[in-house]
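Shown next, in structure tokens, is the structure this report addresses.
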Amino acid sequence: MAEISMLVTSIDPLAAYKVSDDLILELMSLTANVEDDSEGASVGTWWVQIVEPHELVKHQPPGGYMLDNRQVQMTCAKSAGISLGDRIKFRIIP
């Protein structure tokens with residue numbers, strides 16, 4: 001399976017999500033862009049799954065994410081510790 005590296009290019013805070021009476025989860029929206037399209041992953045629309053970092057791997061949806069126009073947008077917990085400029089490694093789902 002082909003793997004691609006992406007760079008976090010934007011982070012936007014989202015409204016807090018109430019999980020229970022005692023727990024409120026702070027969420028954020030990430031946008032990551034393909035760094036190097038030598039694999040050809042920027043052409044068309046692809047489904048991708050996160051390989052690294054592990055903080056994001058364990059919370060991704062079962063079907064992965066859609067890579068469209070060299071970008072992936074996702075929602076994650078603020079506690080995942082992702083910041084601007086971080087690299088995320090994805091694998092293309094066949």
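The values are calculated or read from the model by the stated rules, or taken from the named source; none is laboratory data. Computed from a predicted model, the values in this text were never measured in an experiment. Note that each Cβ is placed from the backbone with ideal geometry, even for glycine, and that neighbours are counted across all protein chains shown. These area figures cover heavy atoms from the full protein model, side chains too; ligands, DNA and RNA do not enter into them. Shrake-Rupley method; radii C 1.70, N 1.55, O 1.52, S 1.80 Å.
Structure summary
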quantity	calculated
Residues (open to solvent by less than 20 Å² (accessible area, probe 1.4 Å) and either among the hydrophobic types (A, V, I, L, M, F, W, C) or over 10 Å from the mean Cα position of the chain (by Cα) (or both)) located in the range 60-70	Leu67
Residue in the range 5-15 that is open to solvent by 70 Å² or more (accessible area, probe 1.4 Å) and out of contact with any strand residue (DSSP E or B) (no Cβ under 8 Å at 6 or more places or on another chain) present	no
Filtered residues of the range 71-85 (kept if of a type outside the set (A, V, I, L, M, F, W, C) and over 11 Å from the mean Cα position of the chain (by Cα))	Lys78, Ser79, Gly81, Ser83, Gly85
Every residue from the range 39-59 that is crowded, with 17+ Cβ neighbours inside 10 Å and either touching a Pro at 6+ places or on another chain (Cβ under 9 Å) or small (Gly, Ala, Ser) (or both)	Ala41, Ser42
First in the range 80-94 and assigned to a loop (DSSP other than H, G, I, E, B), second anywhere and modelled with pLDDT under 95 and of a type in the set (D, E, K, R), Cβ under 8 Å, 6 or more apart	Gly81/Glu55; Ile82/Glu55
Residue in the range 35-51 that is part of a loop (DSSP other than H, G, I, E, B), within 13 Å of the chain's Cα centre (by Cα) and of a type in the set (Val, Ile, Thr) present	no
Of all residues making up the range 71-94, the number that are among the small types (Gly, Ala, Ser) and either modelled with pLDDT of 90 or more or loosely packed, with under 15 Cβ neighbours inside 10 Å (or both)	4
